[in-house]
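The values are calculated or read from the model by the stated rules, or taken from the named source; none is laboratory data. Note that the coordinates shown come from a computational prediction; the quantities given were computed from them, not determined experimentally. Heads up, the Cβs are rebuilt from the backbone with ideal geometry, glycines too, and the neighbour counts pull from every protein chain shown. Just so you know, the surface numbers come from the protein's heavy atoms only, side chains and all, with ligands and any DNA or RNA stripped out. Shrake-Rupley method; radii C 1.70, N 1.55, O 1.52, S 1.80 Å.
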Amino acid sequence: MQSKPLPARLTYPKPSLLVVGGMPGVGKSTLLKTLKTDALIISPEDVAERHGTKVVSPKNSLLLSKEVERALRDGRSVIIDAPALWPHLRNEYSCLALCEEVPANFLFLHEPQYKAKSGQRERKRTIEKESMQRYGRLQKEMFATWEDGYLEEYDSVVVTNRKGCQSLQEISFA
């Protein structure tokens, strides 16, 4: 997959679902904090904090899905800030959009594993070596399935990296 530079503004139909994915440490949350958008931004970490659950748990996944579903049903656009490397979660997210009859879009931040680890250290976060290796394998598997022509039900997929995001200032839904 080739990474490409993004324009200053990405525009999607309103309402839409946008999944911003990538390994922990690639800059998903940092990017979203710097952008102008009127969408609801939600992450597994946000849900866990609000509900006192573990970030990676079936209960947290269900709670996140319910919040996304509720917002889409209310006509709001939603940005999910999550690694989205597991096929079942990508399917779940695209199915939420499909059920609410809104477009599902995927923006994937791709960086080598060593840069993701560096991003974790910069933010004073730690992730176990085994977990990071698992994320690396999942990312390779995801790209391999995409190259084989399989992609979950997403209306658009954009792959870029930190450098490709430098000019991005806004994600709008119109």
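Brief remarks follow.
- By average C-beta atoms within 10 angstrom, highest first, the peptides 80-87, 4-11, 102-109: 102-109, 80-87, 4-11
- Cα gyration tensor category, rounded, prolate or oblate, for region 99-171 with a/c compared to 1.5: oblate
- Residue pairs, from the table Lys124/Lys163; Lys14/Lys36; Lys117/Lys140; Lys36/Lys115; Lys14/Lys115, whose Cα atoms sit over 27 Å apart: Lys14/Lys115
- For region 1-87, dividing the convex hull volume of the Cα atoms by the residue count gives 122 Å³ per residue.
- What region 1-120 shows is 48 Å² of accessible area per residue, with the surface traced by a 1.4 Å probe over protein heavy atoms.
- From helices alone, the chain scores -13000 deg cm²/dmol at 222 nm; the rule is -39500 (n - 2.57) for each run of n ≥ 4 DSSP H residues, then divide by the residue total.
- Under the criterion of Cα pairs below 8 Å and six or more residues apart, the relative contact order for the chain equals 46 percent.
- Percentage relative contact order, region 63-108, counting C-alpha pairs under 8 Å, at least six apart: 39
- Near the amide H of Ser43, within less than 5 Å, lie the amide hydrogens of Asp81, all on another chain or at least 5 residues away, with H placed in the peptide plane.
- Relative contact order for region 1-99, counting Cα pairs under 8 Å that sit 6 or more residues apart, in percent: 42
- Anisotropy class of region 31-130 from Cα gyration tensor, a/c 1.5 cut: prolate
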